[in-house]
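Engineer: Structure in structure tokens, see below.
Rule-based calculations on the coordinates, nothing more; no lab input. None of these values were measured; they are calculated from a predicted model. With ideal geometry, Cβ positions are generated from the backbone for all residues, glycine too; neighbour counts draw on all protein chains shown.
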Amino acid sequence: MTPTPSLSRLLTEALFAFCVATLILALLYPGQSGVDLGTLFLFSFVTNAPLFALGVLAAALLRRVTGKAFPALGLMIGLGVPLSAMAGTLWFLKSGHAKAMLEGGGVVLFLFGLAGLLWRPKFALPNKICVAGSLVGLLGAALLLAGVGRQEVPGIADDMIPRAALPGEEPLAEATTLPDVVLISIDTLRADAVLFEDVATPNLDRLREGSRWSPYGLAATPSTLPSHITMMTGESPFKHGTYTNLGILTPEPDTLASVFAEAGYRTAGTAANGLLSPQNGFARGFESLINVGTGKDGSENLKQLGTSSRRNNWISAFASDRFCMSLTTMIIDRRWALKEEWKSLSALALAPKVEMVASEHLRQLHEGARPYFYFLHFMAPHAPYDALPPFRGQLSRDLPIPEYLKGISLDSNDLTHIVGRNLRAGHPQAQQGLDLARARYHEELMMVDDALGRLFGQIEATGRPTIMLFTSDHGEAFGENQFMRHGNNVFAPAIRIPFMLTGPGIEPGQFTVTPRLADIPLTLLRAAGLPVKSFQEGRDLLAQESLSKTPFFAVHENRFAVYHDGYKMTFIWNANDGPASALEPLNLFRIEEGEAGLREEENLLDRPDMAEVMARLTKLAEGARDGSTPTVRREFSKQDLLKLAELGYAFTDEGNAVDD
């Protein structure tokens, strides 16, 4: 029988076990194989130490209150905290749940705690080993925290430019007059954002003045991956089957890039959202598609640790995203001399990298004689809204901060979540929060406009004929219909997007019909002079003949909307069931222009005089439902989930990407 341990013995044994388990966690940390052991040990030690300290304090209080020794409790607390953090991380990689640390780690921590209360070991660790091991662990953590062995980490230019190298160009058999083609997609950009006079976007203003444009185009979905698949294939989600960000571009349809490649074009792309990846099939037809959010060098591995820290340790279960990332950046900074560009959340959100890689891609493409198709994607102004200087604060600096946002990291996802909750609760300062969020969103747009100006100048300086189409994958809600963000509804703010097209022979002015993402492939191919008769469901927006105003469908996994003849009707449905899904009418709106069209406030569903309109739109909806493809999904690897976590994504069981 072991003697009753003293309080100091409990503490020593717990600390020894914590140091050993932290070392085990650092050696085996899920998804962090590219990070050095010292960084992972320090990260694990610091981020799990608060819960460990609380556990030891609780054990001491329990001993005092009950008068019982609980001889295994210190050992189980020390082992349980780091190893339960490993369990929580593994569960996040498996499930993608935002609360995976509580769900997976909590169960394991409970089991360790229960073992500590019930187990009566017949042995005791030698006290000298516990003391020596604890001192070694504490000394090691202290030396690492003091910066002993600190190294230099690569900057953005150091690790990005080598990745932008394109394959060698085959010589042309004969000279060509075909134009270059550039397709620009700005993530999360709603249509009206580029039209506000008080939001300085001089480069986009100049682009619009020389373009055929529309006050708004229509996105296929309120989510990134399905809309981009439509953009590349001309297929609606009803046909390609990807309704959420958990889908995949299947091998069957031709893509815009593959058709240009077959016509002798060079094809390259730069993307900033991890959803636009080869694993999702998005690279088909591209000689080179660089996703600047994915990398294999030390700098990228450290960034991955920094951003995934919002999910993979015990502090992340209770603290804000921004706090977790800031703490982890501080920890990593003790091991690696981080450059200022690395420490910015916007740098992590990839805006500087996009411009740098795009500029290098364009330089190489312009050195060759072949025409090229280039796809360019910026992540900003996707939340969190955190523009780089000098744009940060230009619109938001003097705005009042409502009481419910004080103490909150405004440059984290907490901003939109908390504003949304207070909006739905009817808080009297809800509008102040909306104004602040929208201003920060517009600051990110100004940052992107500035980067685009330099890229536009680089293209124009070559004198090469260039067709350019500017658009977005979806919009963003700021309080309309009680919603914030996107991906959870098919209301106008999430579906209306900017749309501008410019190039040789394209007369400036407004389109006569509302453009759709599915129109992009056929329009660009014909504008480039390629003899393409049709491309899936898309229309040629520059066709001389009158374009048919066919019904349009915006769809998500549990909502879809049909637009036709001046009306929009929304339904509840289930994409997983496809043609077998029930349809439940939800809203009926008149399609209006401007701000009134964005608000969609007057629901006409219960109006008797709308019965004929409802019947007509319902019949169209039933036809689309009957011809729909059930949900297409792909399996996400652990590494895929970590890369998406870098950009703020976690997933619900239904496949919706959420930020929490």
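Engineer: I need the peptides 600-608, 387-395, 517-525, 369-377 ranked by packing, meaning the mean over residues of other C-beta atoms within 10 angstrom, with the highest value on top. Before the final figure, lay out the partial values.
Structural biologist: On the way: 600-608: 11.9, 387-395: 18.6, 517-525: 26.2, 369-377: 22.4.
In descending order of packing, they fall as 517-525, 369-377, 387-395, 600-608.
Engineer: Which translational diffusion coefficient, to the nearest whole µm²/s, is obtained for segment 209-286 from the Stokes-Einstein equation, given a Kirkwood hydrodynamic radius over C-alpha pairs, 4 °C and 1.567 mPa s?
Structural biologist: Value of D from the Cα-based Kirkwood radius: 97 µm²/s.
Engineer: Treat each spin label as a single point 7 Å out from the Cα along the C-beta direction, and report the Q536 to S6 distance in nm.
Structural biologist: 7.4 nm
Engineer: Counting Lys +1, Arg +1, Asp -1, Glu -1, what net charge surrounds E601 among other residues with beta carbon under 12 Å of its beta carbon?
Structural biologist: Summing Lys/Arg as +1 and Asp/Glu as -1 gives -3.
Engineer: Right, here's the next one. Using the per-residue mean of other Cβ atoms lying within 10 Å as a proxy for protection, in what order, highest first, do the peptides 75-87, 580-592 fall? Provide the component values of the computation, followed by the final result.
Structural biologist: Numbers: 75-87: 25.8, 580-592: 15.2.
Highest to lowest by the protection proxy: 75-87, 580-592.
Engineer: Right, next: Work out, step by step, the length gained on full extension between R424 and R599: first 0.36 nm times the residue separation, then minus their alpha carbon distance; give nm to one decimal.
Structural biologist: 61.4 nm
Engineer: If I model a spin label at K68 and M330 as a point 7 Å from the Cα along the Cα→Cβ vector, what separation in nanometres do I get?
Structural biologist: 3.8 nm
Engineer: Measure up K239/K619; K99/K128; K533/K568; K68/K99 against 28 Å on the Cα-Cα distance and list the ones that go over.
Structural biologist: K99/K128; K533/K568; K68/K99
Engineer: Find how many whole Å separate the alpha carbon centroid of segment 255-284 from the alpha carbon centroid of segment 214-251.
Structural biologist: 15 Å
Engineer: Still on this model: Compute the relative contact order of the chain as a whole-number percentage, counting only Cα pairs closer than 8 Å that sit 6 or more residues apart in sequence.
Structural biologist: Rounded, it is 20 percent for the chain.
Engineer: With N denoting the number of residues in the chain, provide Rg(C-alpha) divided by 2.2 N^0.38 Å, to two decimal places.
Structural biologist: 1.06
Engineer: Also, I was wondering about something else. Grab the eigenvalues of the alpha-carbon gyration tensor for segment 374-492, scale each by 5, take roots, and send me the semi-axes largest first in whole angstrom.
Structural biologist: Numbers: eigenvalues 206, 59, 18 Å².
The answer is 32, 17, 10 Å, longest axis first.
Engineer: Return the whole-Å distance between the Cα centroid of segment 64-102 and the Cα centroid of segment 179-208.
Structural biologist: 49 Å
Engineer: With helices defined as uninterrupted DSSP H runs, which ones in the chain have an alpha carbon span along their own long axis of at least 30 Å and mean Kyte-Doolittle hydropathy of at least 0.0?
Structural biologist: Correct list, ordered by number: 7-28, 37-66, 73-95.
Engineer: Starting from the Cα of L27, step 7 Å along the direction of its Cβ; do the same at Q482; then give the gap between the two resulting points in nm.
Structural biologist: Placing both labels 7 Å along Cα→Cβ, they lie 5.4 nm apart.
Engineer: Report the Cα centroid-to-centroid distance between segment 350-417 and segment 551-571 in angstrom, as an integer.
Structural biologist: Centre-to-centre distance over Cα atoms comes out at 31 Å.
Engineer: Considering the alpha-carbon set of segment 55-136 alone, what are its Rg and its Dmax in angstrom?
Structural biologist: Using the Cα atoms of segment 55-136, the pair Rg, Dmax is 14.9, 43 Å.
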